[in-house]
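The values are calculated or read from the model by the stated rules, or taken from the named source; none is laboratory data. Being a predicted model, the structure only gives us computed values, none of them experimental. Cβ: placed from backbone, ideal geometry, glycine included. Neighbour counts: every protein chain shown.
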Amino acid sequence: MLLLGWAVAGVLHAAVDAPVTDVTVYSDQARVVRTATLDVSGTQRVELPRLPDLVDPDSIRVEAEGAQVSSVEVRQGRVPPFPEKEARALVETLDRLDGDIELAEAERAAIALQVTALRRIRPSAPTQAEPSSGPMSPGGWSTSTAFLIDTAAKLETRGRELEERAASLKDERARRSADAARLVVKPQETGLEVAASLTGAGAATVRLSYLVPQNARWYPRYELQLHPETQRVQVAFSGRVSQETGEDWTRARLTLSTAQPSTLTQLPKLPTWKLGVAERFIPRPQRKAGQARPLLPVLTPAPEPDFEQVLRQWLQARAASMPLKPAATSGTLVGTVIDSQARSPVADVVVSAHSPSLPGEQLVVTDAQGRYRIPALPPGEYTLRFEKEQYKPYARTGVTLRPYKTVKLDVEFLPESLGEVVEIAKMPLEIDEEFVRRVAVERGKSGARSFESLAEVAPAGSSQSAAMGVSLAGATSDLSVPVFDRYVGLAPPKGWVAPVLAEDLPVSLAGGYDLAFSAPRPESVFSGQGERTIPLRVESWPVELERQAFPALAPEAYLVAHLKGSSRGALPGGQATLFVGADRVGTAALKLVVPGESFTLPLGVDSAVRTARNVRLVQSQEGLISKDDVSTYEVTLEVSNPYPFPLKTRVVDQVPLSKQRELEVTLVRAEPVAQRDETTSELRWDLVIPPSSKKTVTFEYTLRRPRDWRLSQSQ
């Protein structure tokens, strides 16, 4: 018995708790690892947590330490079956309650009219034109009054009973409507079920890993804070992580990666290389002999009605449209549907009512006895349609529904098997594509049609239908159309898809590096709860500060930092927020940061450093025969340093640039000597300004032009 108990325990399903322990987030997907710890005795089947539908089934892996994984089963989660019997019972109950409420309201309205009529009865004296038939004795008036009072009291009592009954029926209908609304909602996606068979003895650690190919992402983020007193920049690197995968990552070891996981593709297969033409050694795509024929349209059968969906729609309509007081003029359509051949009732027939006086349509389904009932319909002309698979659709028009009336309409349903079916044997003849195309057009216009209507398309005595070799019987026809290859040659493998990646994704910002950054502590990222900023690395880099002055454009200087990547590894590009001390000075877009590589960051305006620019102009004329106008410009630039330490400053200015031979620009002197860019004619001075002092630079240039020329500035 003990051995039998162990054997039974070994085959029982064991539900284990396997929380998310490790997550690697890529640019647009994530790999998740769940870990479970359990005791294994013999062979044991372990049910692992259900996974979201977004998971790639081919990526699921199960590994174990302390036990051997014998097999792994992955299957789509089972959807609970639709409670058809309960839905049918609810439909019948709602219909019955609607009818009872309607009858109670109608009877109560009739009683109210009677009570009103009784209360209007008053004794009156006869007029001269109408001679009295004789005085009524007091006893007669007393008897009549007692009768009226007693009748009115009984009617009022009955009216109150009907009112209470109607209220009770409405309460019950409200409860049934809530049940119907619950059945209308389809069950949510059930995900993937994973089960593993383990063999071992003792404690075992099971790891379930899988790839979520969408709805997970991260973006690099930087905060660069300059500390001028220490000449260093604090670099805070973090990742903005968000996900909508359907499961929460709670206190998991998080890794952010710039790699791009490979996906399964089919290897290309080279065709046979045959040398049939002299000096033809390279296989090239070749057109097949003959003219390729155009592809013919694909004919699909008409969709069959979804009984479950219709029943859900009916429940939803009945649950949402409970009238507190039925319309006084509403009518009802009832009837029975029977099989014309078997003379038996037909269940599950979808009955729809259409009318200009009815917004939308009303749908019901026949019960096991083939009966249907459509209550609370406004008066008007109706069209009833009856549909069920394996039966020919039937429509009845011109059904007149009057106020307060119930119209009974019985229908005999014709099975599809009674329709004419003509089977024609296949013959080795060529298909007339024009005929098939015309058949397709006719089918598209009229939906499911009989063979007689299709036969009108083909000419009399034609053998085209024989060439088709199919059955032309209503909606069950199927035209088999050959597909002609136009070309033969080399092509990419079917599984290959060129990746399309956005420029702001880490895989693009990493410049081809596969980088990985682990969070220093467990982090939680919840599904659909927005973005989380995960700190990854904080470093301090040395920096060289410089002020750049453009006196011709602005009176202030600009603060610029020259950095050299001092990180222990490469960092991807990304958006950076810049700070000087505690003040935010702007943003910048960083490119890939490689250790030892220098880059420059603008840190905003340094309003304490002021500049000034003065220009002195001297006009003259030169030349013996034709005089030229010569303008001499002497420019003085002044930069002040208010700080108690030397200030490294670059001063930038420019001399005019001309592309005309008649206009000559000459730089005469620059003190101190400037670096000149011949392409842009830009002048640069790299200065070191002593503490709390000023420094001045000057340059002079001449501009020679023919006399009376007018000058203009262009970009």
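Brief remarks follow.
- Among residues of segment 356-412, those that are β-branched (Val, Ile, Thr), over 30 Å from residue 109 (Cα atoms) and in contact with a Phe, Trp or Tyr (Cβ under 9 Å, 6 or more places away or on another chain), counted: 4
- Qualifying position, being over 30 Å from residue 559 (Cβ atoms), of a type outside the set (D, E, K, R) and in contact with a Phe, Trp or Tyr (Cβ under 7 Å, 6 or more places away or on another chain), among 617, 590: 617
- Residue 543 vs. criteria in a strand (DSSP E or B), free of Cβ contacts under 8 Å to residues at least 40 places away in the same chain, crowded, with 16+ Cβ neighbours inside 10 Å and hydrophobic (A, V, I, L, M, F, W, C): no
- Check on residue 360, assigned to a loop (DSSP other than H, G, I, E, B) and small (Gly, Ala, Ser): yes
- One residue stands out among those in segment 57-83 that are surrounded by 12 or more Cβ atoms within 10 Å (Cβ to Cβ) and small (Gly, Ala, Ser): the one that is modelled with the lowest pLDDT, which is 77.
- The residues listed here are 658, 640; of these, the one that is in a loop (DSSP other than H, G, I, E, B) and polar (S, T, N, Q) is 658.
- Residue count for segment 16-54 satisfying the condition of being part of a loop (DSSP other than H, G, I, E, B), touching a strand residue (DSSP E or B) at 6+ places or on another chain (Cβ under 7 Å) and either at pLDDT 95 or above or within 21 Å of residue 523 (Cβ to Cβ) (or both): 9.
- Long-range neighbours under 8 Å by Cβ, at least six apart or interchain, first residue at positive phi within segment 32-58, second of a type in the set (S, T, N, Q): 42/199
- Looking across 115, 69, 74, one residue alone is touching an Asp or Glu at 6+ places or on another chain (Cβ under 9 Å), without any contact (Cβ under 8 Å) to a residue 60 or more places away in the chain and aliphatic (A, V, I, L, M). It is 115.
- Those residues of segment 169-200 which are of a type in the set (Ser, Thr, Tyr) and modelled with pLDDT of 90 or more, in sequence order: 197, 199
- Of all the residues in segment 168-219, those that are touching a residue at least 12 places away in the same chain (Cβ under 8 Å), among the polar types (S, T, N, Q) and under 30 Å from residue 249 (Cβ atoms) number 6.
- Residues located in segment 211-262, provided they are out of contact with any strand residue (DSSP E or B) (no Cβ under 6 Å at 6 or more places or on another chain) and of a type outside the set (S, T, N, Q): 213, 217, 227, 228, 229, 244, 246, 247, 248, 259, 261
- Extreme residue, nearest to residue 29 (Cα to Cα), among residues of segment 191-207 that are of a type in the set (A, V, I, L, M) and in contact with a Ser or Thr (Cβ under 8 Å, 6 or more places away or on another chain): 206
- Test: residue in segment 410-426 that is surrounded by fewer than 13 Cβ atoms within 10 Å (Cβ to Cβ), farther than 26 Å from residue 169 by Cβ and at pLDDT 85 or above: yes
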